[in-house]
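The values are calculated or read from the model by the stated rules, or taken from the named source; none is laboratory data. Computed from a predicted model, the values in this text were never measured in an experiment. With ideal geometry, Cβ positions are generated from the backbone for all residues, glycine too; neighbour counts draw on all protein chains shown.
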Amino acid sequence: MTWTNISPQVFELDPGIRYLAVNQDGEIVEMAQRLPTHNPVETDRMEELLVNPAILDLTKRRGDLDLDGVRYIIIQYGLQYQAIFNYRNGHVSVGIESDSDAVGVVSKILEHLDLQGGSRVDLQWRSRLAGLRTKQHLGAI
């Protein structure tokens, strides 16, 4: 499989995006760092090869039971957020600065991956997300 890097475009989406990795068919096909890393590169590799696929598999199994699947996962570590998305034959993992709006960044990434032909977000999900945003804004008034 020929891979075209997506990190340059994803990094452009938000200044809070610090890291991106793509795992396809069990192999890391892209790993890019925009800001200095918080941990050794080998730790990131193990996360992309072992931890994130396991987390996605377990949550997908639960979501597929009766919750219409899993769109993404956000983990809040002490130093940053980590967002994980099912993507084609694997996943995309994005490190996000701890002072960023992680859900806002995730929304931008979901839309971009959809345009890239990756993680398909159906119209029903977009409608639900728009409804949640409207309720949040109304609640703040």
- Can you name the number of the only condition in (1) surrounded by 15 or more Cβ atoms within 10 Å (Cβ to Cβ); (2) more than 17 Å from Tyr77 (Cα to Cα) that Arg61 fails? (1)
- Message: Just checking, does the stretch 28-48 include any residue being over 26 Å from Asp101 (Cα atoms), touching a strand residue (DSSP E or B) at 6+ places or on another chain (Cβ under 7 Å) and not small (Gly, Ala, Ser)?
- Response: yes
- Item | So Leu35, is it surrounded by 12 or more Cβ atoms within 10 Å (Cβ to Cβ), modelled with pLDDT under 95 and not aromatic (Phe, Trp, Tyr) | yes
- Task: Answer with yes or no whether Arg120 is modelled with pLDDT under 95, farther than 18 Å from Gln24 by Cα and of a type in the set (Lys, Arg).
- Result: no
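Residues are listed down the side, and each one gets a yes or a no for (1) assigned to a helix (DSSP H, G or I); (2) of a type outside the set (Asp, Glu):
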{"position": "Thr37", "(1), (2)": "no, yes"}
{"position": "Asp44", "(1), (2)": "yes, no"}
{"position": "Glu47", "(1), (2)": "yes, no"}
{"position": "Leu50", "(1), (2)": "yes, yes"}
{"position": "Ala54", "(1), (2)": "yes, yes"}
{"position": "Asp57", "(1), (2)": "yes, no"}
{"position": "Arg61", "(1), (2)": "yes, yes"}
{"position": "Gly69", "(1), (2)": "no, yes"}
- Message: Quick check on this structure: which one of Tyr81, Tyr87, Tyr72 is modelled with pLDDT of 95 or more, closer than 23 Å to Pro15 by Cα and crowded, with 18+ Cβ neighbours inside 10 Å?
- Response: Tyr81
- Task: For Glu27, indicate whether it is over 13 Å from His91 (Cα atoms), surrounded by fewer than 16 Cβ atoms within 10 Å (Cβ to Cβ) and acidic (Asp, Glu).
- Result: no
